[in-house]
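Shown next, in C-alpha cells, is the structure this report addresses.
The values are calculated or read from the model by the stated rules, or taken from the named source; none is laboratory data. Everything quoted here is computed from the prediction, not taken from an experiment. Note that each Cβ is placed from the backbone with ideal geometry, even for glycine, and that neighbours are counted across all protein chains shown. Accessible surface is based on the protein model in full, side chains and every heavy atom, while ligands, DNA and RNA are left aside. Shrake-Rupley method; radii C 1.70, N 1.55, O 1.52, S 1.80 Å.
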Amino acid sequence: MNQKKQVALFKKKHKIKVVSSKELIRALGDQGYTIIEYNGVKENPNVEVLREELNLEIWMKQSRCFTYQDDKYRLLFVQEGLTEEEQQIVLSHEIGHIWNNHLSKGCVIGDDVFQEYEANEFAHYLLTDRQGTIKRTRIVIICIALVMLLGTVVGVVLKNRHDEVVYTDNLYRTESGTKYHVRDCIYIKDKNDVYRLTVEEFNSGKYEPCEACKPDER
Ligand SMILES: [Zn+2]
Ligand SMILES: [Zn+2]
C-alpha cells in the first residue's frame with residue numbers, strides 16, 4: 001500500500017497532529033508496545049534479562065532502534081542519548097515496520113530490502129508531512145487573528161455607542177469656562193469657542209449656571 005496513505009491512516013488513528021518523539025511513543029503505547037532504552041554497554045538489570053532471554057545482544061550492538069515481537073512481548077528498543085530528531089527518525093522507521101505488519105511472523109528487523117524500503121518510505125512521509133501541520137497552524141493563527149479583529153470591531157462599536165453624545169437643549173459653555181449659559185448670554189454671545197453642553201457634562205457637576213444669564217431659571 002501507498003506509504004503516504006499509510007501515514008495518513010496512522011496519524012488519524014492515533015490522533016497525531018504534530019509529530020514528536022513523545023507523540024510517536026504514545027502511539028506505540030496505544031499499540032501495546034513498551035519502549036526500552038538501552039546503551040549497548042552496561043544495561044540495567046531488567047534490560048539485561050531481556051537481552052539474555054531474547055538473545056538481543058547483536059541488535060543492541062548494531063542498531064539504534066529495533067522492534068522485538070513474539071507471543072509474549074511487544075518491545076521497542078531505543079538507544080539512549082539520541083537527539084529528538086534522531087528519535088523521531090528511528091521511531092518512525094520502526095512504526096513503519098509495525099504499521100505494515102512486517103513483524104507478524106515473529107522476531108525483529110529486516111534483511112528484507114523491500115520491508116526496509118517500505119519502513120523508510122513510511123518514515124519519510126511521516127516526518128516530511130510537516131507542511132500540512134504548518135498549514136493547519138497557519139489556519140489556526142488566521143482564525144485567532146480574525147476573532148481578535150472581530151473583537152476589536154465589536155469593541156469599537158460598543159465604545160462608539162457608549163460615546164454617543166447627547167446634548168442639552170440650550171446650554172453652552174466656553175472652552176475653558178466652568179459656567180454654562182444660554183446662547184445669547186452677554187458673556188458668550190461674541191465668543192468663538194462656544195460649545196453646546198452635553199448632558200454628560202451637565203450631570204458631571206463640573207459646570208455651574210452662569211449668574212448673569214441664569215439658565216436654570218429660564
Ligand atoms: Zn528497518
Ligand atoms: Zn451666562
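Can you bin the range 58-98 into rounded, prolate or oblate? Criterion: square roots of the alpha carbon gyration tensor eigenvalues sorted a ≥ b ≥ c, rounded for a/c under 1.5, prolate for a/b above b/c, oblate for the rest. Oblate, because a/c is 1.5 or more while a/b does not exceed b/c.
Stretched out straight at 0.36 nm per residue, the stretch from residue 20 to residue 49 would grow longer than its current Cα-Cα span by 7.5 nm.
Just check the range 1-131 against the gyration tensor rule for me: Cα atoms, a ≥ b ≥ c as the square roots of the eigenvalues, rounded for a/c under 1.5, and otherwise prolate or oblate depending on whether a/b exceeds b/c. Because a/c hits 1.5 or more and a/b exceeds b/c, the range 1-131 counts as prolate.
Prolate is the label for the range 8-77. Its Cα gyration tensor axes, ordered a ≥ b ≥ c, give a/c of at least 1.5 and a/b above b/c.
For the range 25-91, the solvent-accessible area of protein heavy atoms averages 57 Å² per residue (probe radius 1.4 Å; ligands and nucleic acids excluded). Once the C-beta distance of residue 127 and residue 176 is scaled by a Förster radius of 45 Å, the resulting FRET efficiency is 0.05 to the nearest 0.05.
At a Förster radius of 25 Å, what calculated FRET efficiency corresponds to the Cβ-Cβ distance of residue 61 and residue 31, to the nearest 0.05? With R0 = 25 Å, the Cβ-Cβ based efficiency is 0.40.
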